[in-house]
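Here the structure comes first, spelled out in structure tokens, and everything after it is commentary.
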Amino acid sequence: MQLFAGEPVTSDALKILRAIGAFSAAAAKSRDGASAFMESHFLRPKAIEEINRLRVQLSNLVRSSMPKDTVGLKTLSTNATTSTPSVIPPPSLKDTAVLRQILLAGFPDHIARYDAVATKTALGTGAKNIKPIYSTMWSSKTDVFTIHASSSLARVRPAPQWIIYEEVVGVEERLTADNTGLMFTRPDSTVVAVAAGSKNPQAQKLMLKNITVISEEWIAKIGPKSLLKPGKLMEQPVPRYDMYKDKVVGFSAPNYGPKVWELPTMEVDVDLKNGVQYFAMALLEGAVKPGRLVKKSKSKKGKEAAAASDMFGILLPYLTAKPAIITKSWSKIQSRVNGFLSALMAKNICSRAALERIWFDQPSFLLAEYLAWLPSEVHVAVQLIWPPVEFVQEYEVIPSAPSARVKMPPPSEKSGIPKKLAPFLAQLPQGNDLRRREMSAAAAQDSGEDSD
């Protein structure tokens with residue numbers, strides 16, 4: 001059976017799958033070839049027959065639920081009594097990765113991690129034939145887990161860091177012929193070494209069977225939420241708004257299981273409380289693009305459409321303050337920052353879809369708060385355009401105050417926005433020049449009020 005383990009060796013289950021696939025190929029050639037194959041590779045005929053019946057049952061379930069998948073159904077069995085079952089092609093690298101992830105989804109609480117400290121302690125005693133030691137999610141301090149000798153992964157070095165197992169078996173014992181007593185218990189050098197190195201005479205040998213190697217990055221993505229504990233949101237890299245996911249995302253290092261195993265840093269969705277400021281910054285910078293169907297595209301036209309500026313992007317150089325200040329703690333004392341964030345928080349808005357939904361119900365939403373970021377010269381133009389999206393259904397624009405029971409049609413960006421803004425922006429300074437002008441005007445106003 002080790003012949004079918006594959007290269008690299010990743011799973012005992014895949015070893016069996018390859019063996020069944022090789023048998024199906026031999027059986028497709030001749031009945032004698034099938035019998036010879038089972039005999040030469042020590043496969044039990046009854047087990048092969050049962051596997052073939054299960055293949056047919058599963059194939060029929062898949063055919064009934066996916067009748068249009070003509071490509072993926074070619075290798076499925078259709079007749080349980082056939083002596084020449086359809087050939088199972090060997091799994092590709094992509095297939096093996098997917099199958100290992102499926103096994104992880106089926107055994108999310110049967111995860112074991114390589115215990116480098118315990119293994120090093122055992123090796124330090126000078127004992128021979130030390131096996132890699134593992135720790136399971138539920139193991140105690142006296143348990144010593146190793147991979148069962150029957151596994152194709154038992155001799156793989158370096159030992160895999162993360163594995164899943166189907167079952168745990170205990171020490172190997174042999175009873176007397178009349179079952180009245182114990183003849184002997186086979187000693188294990190690894191357990192003896194652990195007991196000596198850790199000064200723990202209660203060390204108990206346990207073995208893991210039917211092993212599959214997994215990637216630690218899969219655990220947080222596939223494991224159940226009941227075993228996953230989200231880590232603290234990292235400050236660096238800072239959270240950001242992802243226009244393709246329409247979410248604010250950040251990074252954290254989650255923990256898994258009762259032993260709180262730390263998993264690799266991964267991208268996570270940021271909640272409203274922690275993410276609204278980053279959504280607000282992206283909106284002011286023109287990165288949200290409401291009214292557009294934003295999708296990742298490999299085509300040049302698709303990239304150009306995603307990069308084209310909307311109303312917020314056009315007005316970005318004319319803002320009286322940099323949008324980045326909205327993420328600073330000290331900026332909350334500014335009325336324009338506080339008003340903008342408070343309006344979004346009040347309506348639980350942290351995504352493009354939520355903003356479009358509120359504009360459908362309340363077209364004037366966020367107008368006053370956005371005008372506070374703009375010079376007075378463009379207020380009229382923005383008021384005439386607002387909101388920068390429209391909702392078209394059956395070639396008619398939905399009334400500005402529709403009933404709450406009306407289903408929102410797909411939003412689209414209003415046309416002609418750049419032309420409508422151009423006359424108002426022609427004579428305005430941009431960037432720091434505009435901000436210096438606004439600061440000078442504010443300072444002059446404050447000094448006039450003081451003199452009065």
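The values are calculated or read from the model by the stated rules, or taken from the named source; none is laboratory data. Treat the numbers as computed from the prediction; the structure is a model and nothing was measured. All Cβ positions, glycine included, derive from the backbone under ideal geometry; neighbour counts span all protein chains shown. We work out accessible area using only protein heavy atoms, side chains counted, and drop any ligands, DNA or RNA first. Shrake-Rupley method; radii C 1.70, N 1.55, O 1.52, S 1.80 Å.
Residue count for the stretch 364-377 satisfying the condition of being surrounded by fewer than 18 Cβ atoms within 10 Å (Cβ to Cβ) and farther than 19 Å from Leu341 by Cβ: 2. Residues that are open to solvent by less than 70 Å² (accessible area, probe 1.4 Å), touching a residue at least 12 places away in the same chain (Cβ under 8 Å), of a type outside the set (Phe, Trp, Tyr) and under 30 Å from Asp32 (Cα atoms) do occur in the stretch 90-99. Only residues that are open to solvent by 70 Å² or more (accessible area, probe 1.4 Å) and either at pLDDT 85 or above or among the charged types (D, E, K, R) (or both) were counted in the stretch 389-425, giving 11. In the set (1) at pLDDT 90 or above; (2) assigned to a helix (DSSP H, G or I), Asp109 fails one condition alone, (2).
For residues that are in a helix (DSSP H, G or I) and open to solvent by 30 Å² or more (accessible area, probe 1.4 Å), scanning just the stretch 333-353, find the one that is farthest from Thr320 (Cα to Cα). The selected residue is Ala353. Among the conditions (1) outside any loop (DSSP other than H, G, I, E, B); (2) farther than 27 Å from Ala441 by Cβ; (3) open to solvent by 50 Å² or more (accessible area, probe 1.4 Å); (4) at pLDDT 90 or above, the only one that Val380 does not satisfy is (2).
Touching a helix residue (DSSP H, G or I) at 6+ places or on another chain (Cβ under 8 Å) and open to solvent by 80 Å² or more (accessible area, probe 1.4 Å): is that true of Arg44 in this structure? Taking the combined requirement at face value, the residue satisfies it.
Here's the yes/no breakdown for (1) assigned to a loop (DSSP other than H, G, I, E, B); (2) at pLDDT below 95; (3) farther than 30 Å from Pro363 by Cα; (4) open to solvent by 30 Å² or more (accessible area, probe 1.4 Å):
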{"position": "Val268", "(1), (2), (3), (4)": "no, yes, yes, yes"}
{"position": "Phe279", "(1), (2), (3), (4)": "no, no, no, no"}
{"position": "Lys298", "(1), (2), (3), (4)": "yes, yes, yes, yes"}
{"position": "Ala305", "(1), (2), (3), (4)": "no, yes, no, yes"}
{"position": "Ser309", "(1), (2), (3), (4)": "yes, yes, no, yes"}
{"position": "Leu316", "(1), (2), (3), (4)": "no, yes, no, yes"}
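Among the residues of the stretch 322-332 satisfying the criterion of being of a type in the set (Lys, Arg) and over 21 Å from Gln430 (Cβ atoms), which is least open to solvent (accessible area, probe 1.4 Å)? Among them, the one singled out is Lys332. When Ala34, Ala13 are screened for being part of a helix (DSSP H, G or I) and touching a strand residue (DSSP E or B) at 6+ places or on another chain (Cβ under 7 Å), only Ala13 passes. Being modelled with pLDDT under 90 and closer than 29 Å to Ser215 by Cα is a property that Arg100 lacks.
Results for (1) under 12 Å from the mean Cα position of the chain (by Cα); (2) over 30 Å from Gly106 (Cβ atoms); (3) open to solvent by less than 60 Å² (accessible area, probe 1.4 Å); (4) modelled with pLDDT of 90 or more, shown as yes or no for each residue.
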| site | (1), (2), (3), (4) |
| --- | --- |
| Ala220 | yes, no, yes, yes |
| Val238 | no, yes, no, yes |
| Lys247 | no, no, no, yes |
| Asn255 | no, no, yes, yes |
| Trp261 | no, no, yes, yes |
